[in-house]
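The structure appears right after this line, and notes come after that.
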Amino acid sequence: MLYYSTRNSKEKVTASQAISHGLAPDGGLYVPESLPQLTLEDIKALGKENYRGRAFGIMKPFLDEFTKPELKAMIARAYGDNFDSDSAAPVHFLDDNTAVLELWHGPTCAFKDMALQMLPHLLTASLKKCGEKRKVCILVATSGDTGKAALEGFADVENTKILVFYPHNGVSDVQQLQMVTQTGENVGVAAVRGNFDDAQTGVKQIFGDREFAEKLSEKGWFLSSANSINWGRLLPQIVYYFSAYCDYANSGKVSCGDTVDFVVPTGNFGNILACWYAKNMGLPVGKLICASNQNNVLADFFAHGVYDRNRTFHTTISPSMDILVSSNLERLLYSVCKNDREVAAYMDELAKTGRYEVSDAIKAVINEHFVGGYCSDDDTKAAINKVYTENGYLMDTHTAVAYKKLTDYRMDTGRVYPAVVVSTASPYKFCDSVLDALGYGTDAPGTELIEKLSETTKTAIPKPLSGLDKREKRFGLVVDKQDMKSVVADFLNK
Ligand SMILES: *Cc1c(COP(=O)(O)O)cnc(C)c1O
C-alpha cells in the first residue's frame, strides 16, 4: 500500500515513510492510495477474534512492508495488560438499540491511548525501515490529555525520548499529577510560565530552528511530534469501529449486515474520520453523527458546506473538543472529491481568510452520510444526569455530548435505529463536571473529587487514577518560554 499527500497525489511514499514524516512536505496529510475492502464474511471472521486479532486483520493490508510477526508483536505490546479490560475497547449496551463503545480502558483513561499505545511501536519500526540511524525525541505541548497519553505511549520505548511542556497553572490538578508522576527512564515533563499558546509557540519555534536541529543531529538525535495528523495515529482508530460492530452482531441484537449508526464526540476530526474509512472499507455503517460542543464550527459545516473558523472560541466542560480548526477534515475532503488541487485550494483559502465553501458535489456526499450537531454545557450535564438516573450508567462530558446528539437525531427523524455512542473518556477524568451534573458540590481538590465520585456512585476508581497524590512527583521544573530550548538540550545531554 502506498500513500500520498491530500495536496499532491503524484508523489507516493511507503507506509513507513508516511509515518516517519508525519506531515507531508507540501503541508498536506498522507492518505492511502486505496482502501482495502472487507466482505461480510471477512467481518464475521473478525468477530471470532479477540481485539488483537481484529487489529491485525484491519491494519495488515495498510502496512504490507511489515512482516506478520513484526506487526503481531507491536499489537501485542500496544493492546495487552496496559488495558484494564479483556477487550481494549469493550461495548456496553444501554438498551438493544443503544451501545456505548468505551475507548478509555487504557493507561490514561482517555481514547488517545487507543492510538498512542500503538504509535511509538509503528514509529520506531518505520524509522528503522527508512534507514534512520539517529534516535528520536518527541516534543509535545499539551493542554492536558495528549501529553499524558504520549508520555505513557513512549515511556521506555527503545531509541526514543519524550519531553512534554504544559502551561504552568493551566491544566487540572489531576492532569498535572498524572504527568509529573509519570514513570520511565526516557521521559521528561516541564511547566512553562504562560498559557497553552505560549507552550505551543515555544515548541513550534524549536521545531523550526535549523541550527539547533543540526547540533542535535551531530549528537545523534532528531525531533519529532506525536501529532494527531500522523497516519500512525489514525490507522489504529479504524480497528475499534470494526470491533464494536462485531461485538454488536455477536450480541445478537443486530445481524451481521444490518446498518448501525455511529455518533462521535468530535474535535480534530480524527476519531470520526476513522469511522468514515471503516464505512468505505465495507463496514455497514448508517449515519455518522458528528457531535460538537458550543464550538460548533463542524455542525455549521455539515449543515451548510461552509467551514468558517472566524468565530468566538468557547471554553467548555468538554475541553478536548474545544477546537476551531479540525485538521483531519482535510482527509475527508480528499476522500470525497479525490482531487488534490481542489483540496489544496480549500486549505489555501482557510489559511488566508479562515473560511472556505465546498463544491455542491462534496455537499451532496456529506449530506448523504453525515449529520452534524452541537450542544450546550447545560444540555451536556442534563444528559449525564438522565443516563445515570435512568440507566445507572456514568458518562463523561464528551460522551454526554454524543449521547445528547443521538437522542436529538432520533427525535428529529422519529425513528430509532441501532446506534453506537463513542465514549472517549472515563467519567473519572472529568470528575468535577460529572459531580456537578449529578447535583453535588465540587469545592475540593481534584484528587478528593475522584474519591467523592466513587463513593457517590458506588463505581470503582480506574487504577491509573487511584492514589495519584501518593505517587512520587518526579518533575517539578518550571521555566520561562525563552528557556524551553535549553531544557530540550539539557534533556538530550543526560
Ligand atoms: C481528543 C478527544 C476528543 C476529540 O477527538 P478528535 O479525534 O480530535 O475528534 C474527544 N474526546 C476526548 C476525551 C478526547 O481526548
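At-a-glance table
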read-out	value
Wholly enclosed strands (runs of 3 or more DSSP E) of region 1-75 bearing at least 3 residues surrounded by fewer than 21 Cβ atoms within 10 Å (Cβ to Cβ)	8-14
Long-range neighbours under 7 Å by Cβ, at least six apart or interchain, first residue within 21 Å of CYS290 (Cβ to Cβ) within region 341-369, second surrounded by fewer than 13 Cβ atoms within 10 Å (Cβ to Cβ)	GLY354/ASN310; ARG355/ASN310
Within region 450-474, considering residues that are in a helix (DSSP H, G or I) and touching a residue at least 60 places away in the same chain (Cβ under 8 Å), the one surrounded by the fewest Cβ atoms within 10 Å (Cβ to Cβ)	LYS463
ALA299 within 16 Å of the ligand (Cβ to nearest atom), closer than 22 Å to GLU102 by Cβ and under 22 Å from the mean Cα position of the chain (by Cα)	no
Answer residue from region 376-411, given it is under 15 Å from ALA425 (Cβ atoms) and part of a loop (DSSP other than H, G, I, E, B) and is farthest from the ligand (Cβ to nearest atom) among those	TYR393
Scan of region 151-162 for residues that are surrounded by fewer than 24 Cβ atoms within 10 Å (Cβ to Cβ) and touching a strand residue (DSSP E or B) at 6+ places or on another chain (Cβ under 7 Å), ordered by number	ALA155, ASN159, THR160, LYS161
Selection within region 221-243 - in contact with a Ser or Thr (Cβ under 9 Å, 6 or more places away or on another chain), hydrophobic (A, V, I, L, M, F, W, C) and at pLDDT below 95	ALA226, ILE229
Some residue of region 286-294 being within 13 Å of the ligand (Cβ to nearest atom), free of Cβ contacts under 8 Å to residues at least 60 places away in the same chain and either within 22 Å of ALA141 (Cβ to Cβ) or out of contact with any Ser or Thr (no Cβ under 7 Å at 6 or more places or on another chain) (or both)	no
Subset tally (residues that are within 16 Å of the ligand (Cβ to nearest atom) and either modelled with pLDDT under 95 or outside any strand (DSSP E or B) (or both)) for region 254-272	7
Subset of region 273-285 [away from the ligand (no atom under 11 Å from the Cβ) and not polar (S, T, N, Q)]	TRP276, TYR277, ALA278, LYS279, MET281, GLY282, LEU283, PRO284, VAL285
So LYS381, is it closer than 23 Å to PRO90 by Cβ and of a type in the set (D, E, K, R)	no
Output for region 302-345, where each listed residue is within 12 Å of the ligand (Cβ to nearest atom), β-branched (Val, Ile, Thr) and surrounded by 17 or more Cβ atoms within 10 Å (Cβ to Cβ)	THR316, ILE317, ILE323
Pairs with Cβ under 9 Å, 6+ apart, first in region 319-332 and farther than 28 Å from GLU33 by Cα, second within 8 Å of the ligand (Cβ to nearest atom) and acidic (Asp, Glu)	PRO319/ASP145; SER320/ASP145
Residue match in region 418-432 (condition: out of contact with any helix residue (DSSP H, G or I) (no Cβ under 6 Å at 6 or more places or on another chain), of a type outside the set (Val, Ile, Thr) and within 27 Å of ASN169 (Cβ to Cβ))	yes
Of residues in region 419-445 being surrounded by 19 or more Cβ atoms within 10 Å (Cβ to Cβ) and in a loop (DSSP other than H, G, I, E, B), the one nearest to the ligand (Cβ to nearest atom)	THR424
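The values are calculated or read from the model by the stated rules, or taken from the named source; none is laboratory data. From a predicted model like this one, the values you see are computed outputs, not experimental measurements. Every residue, glycine among them, receives a Cβ derived from its backbone with ideal geometry; neighbour counts consider all protein chains shown.
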